Amino acid sequence: MAKSFLYNQIKQDIIHKIDADIYKNGDKLPSEAQLVEEYGVSRNTASRVLNDLVEEGYARRRQGKGTFVYNQKIDNRLQGIQSFTDMFERNNKNPSTKVLAYEVVDEPPARVRENLHLGEGEKAIRLYRVRYADDTPAVLNETFRSFSRFEGQMECDPATVFSYGYLKKLKNIYPVHSEEVLEIALLGPEEAVLLEQKVGAPAFLVKSVTSDNTGQPLEVVKSLYRADLFQFSVVLDQEDPG
């Protein structure tokens, strides 16, 4: 039997047991020696399985104790417009932010110009930041807003003025509609460093365009979510067919 088949079989078997709560959160997984004995594979194959389970967020290692189930992914529920802070707090995570760039962009990307309805020569405000969950870098977030509309915010703390709560309180502006596209991406060198991942690690790429209660486009956002930390859930209702 091919080594790659054995590796995938063992890995999927363990993931199935985690998903089925046979291995519960906090349970110790079989050691390399136990996997070798149970599945009849090499030590290298057993080691690779456990390493990948850790890298993909299913398990955590404890020095000198072994590998333990850690199946507590952050649930990003695609139901209504929510802030990162709301999402993290709903998942019992302490949110924080590191601003990487806060600047005026003279020539915004075409996607930004189109969706913010910017005319020729109009500028955009760009906020680039890392969002943390319990001090772990979790999301790389890039947001664009119209400079002409929000020019006065450039002198303020970006973590404050870009929050939905601030807009609602001081300007009575709030998001009412958002269109999002979810894709799978692989982290590049810079992104991997910022999110403390390996180059080529999988991530969820979410592109969104949000409009507000005035009927104008509010922001264009691109976010990279670490795949080992997040899961996305959708609630679907069936209308009465009559």
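Within the range 191-242, take every residue that is open to solvent by 70 Å² or more (accessible area, probe 1.4 Å) and among the charged types (D, E, K, R) and give me the one that is nearest to the chain's Cα centre (by Cα).
Only one residue fits best here, namely K222.
Select, from V54, V41, the only residue that is modelled with pLDDT of 85 or more, over 25 Å from F232 (Cα atoms) and of a type in the set (V, I, T).
Going through V54, V41 in turn, the sole match is V41.
Please go through the range 10-27 and give me each residue that is assigned to a loop (DSSP other than H, G, I, E, B) and either at pLDDT 85 or above or closer than 18 Å to Q231 by Cβ (or both), ordered by number.
Those that are assigned to a loop (DSSP other than H, G, I, E, B) and either at pLDDT 85 or above or closer than 18 Å to Q231 by Cβ (or both): A20, D21, I22, Y23, K24, N25, D27.
Kindly check whether there is at least one residue in the range 17-36 that is under 30 Å from V209 (Cβ atoms) and either in contact (Cβ under 8 Å) with a residue 24 or more places away in the chain or of a type in the set (S, T, Y) (or both).
no
Among the residues that make up the range 163-186, is at least one of them at pLDDT 95 or above, open to solvent by 10 Å² or more (accessible area, probe 1.4 Å) and in a helix (DSSP H, G or I)?
No, the range 163-186 contains no residue that is at pLDDT 95 or above, open to solvent by 10 Å² or more (accessible area, probe 1.4 Å) and in a helix (DSSP H, G or I).
Please verify whether V99 is open to solvent by 50 Å² or more (accessible area, probe 1.4 Å), under 27 Å from V199 (Cα atoms) and either of a type in the set (D, E) or in contact (Cβ under 8 Å) with a residue 24 or more places away in the chain (or both), treating the condition exactly as stated.
yes
What are the residues in the range 192-217 that are part of a loop (DSSP other than H, G, I, E, B) and under 19 Å from D134 (Cα atoms), if any?
Within the range 192-217, L195, E196, Q197 qualify.
Among all residue pairs at least 6 apart or on different chains, which show Cβ distances below 6 Å where the first residue, located in the range 157-171, is of a type in the set (S, T, Y) and the second is surrounded by fewer than 16 Cβ atoms within 10 Å (Cβ to Cβ) and not in a loop (DSSP other than H, G, I, E, B)?
Taking only residues 6 or more apart or on different chains, the pairs are Y166/T160.
List every residue pair whose Cβ atoms sit under 6 Å apart, with the two residues 6 or more apart in sequence or on different chains, where the first one lies in the range 228-242 and is in contact (Cβ under 8 Å) with a residue 60 or more places away in the chain and the second, anywhere, is open to solvent by 50 Å² or more (accessible area, probe 1.4 Å) and part of a strand (DSSP E or B).
S233/R77
Is it true that some residue in the range 124-137 is closer than 30 Å to V54 by Cα, among the basic types (K, R) and open to solvent by 80 Å² or more (accessible area, probe 1.4 Å)?
So far as the range 124-137 goes, no, none of its residues is closer than 30 Å to V54 by Cα, among the basic types (K, R) and open to solvent by 80 Å² or more (accessible area, probe 1.4 Å).
Restricting to the range 75-113, name every residue that is within 30 Å of V235 (Cα to Cα) and either part of a helix (DSSP H, G or I) or among the acidic types (D, E) (or both).
Within the range 75-113, D75, F84, T85, D86, M87, F88, E89, R90, R111, V112 qualify.
Do you know which residues across the range 62-88 are loosely packed, with under 14 Cβ neighbours inside 10 Å and without any contact (Cβ under 8 Å) to a residue 60 or more places away in the chain?
If the condition is that a residue be loosely packed, with under 14 Cβ neighbours inside 10 Å and without any contact (Cβ under 8 Å) to a residue 60 or more places away in the chain, then R62, Q63, G64, K65, G80 are the ones that fit.
Regarding E142, is this residue open to solvent by 30 Å² or more (accessible area, probe 1.4 Å), among the acidic types (D, E) and in a strand (DSSP E or B)?
yes
The values are calculated or read from the model by the stated rules, or taken from the named source; none is laboratory data. Just so it is clear, the model here is predicted, and its values are computed rather than measured. Reconstructed Cβ throughout: ideal geometry from the backbone, glycine too, with neighbour counts over all protein chains shown. In case anyone asks, the SASA skips ligands and DNA or RNA and just uses the protein heavy atoms, side chains included. Shrake-Rupley method; radii C 1.70, N 1.55, O 1.52, S 1.80 Å.
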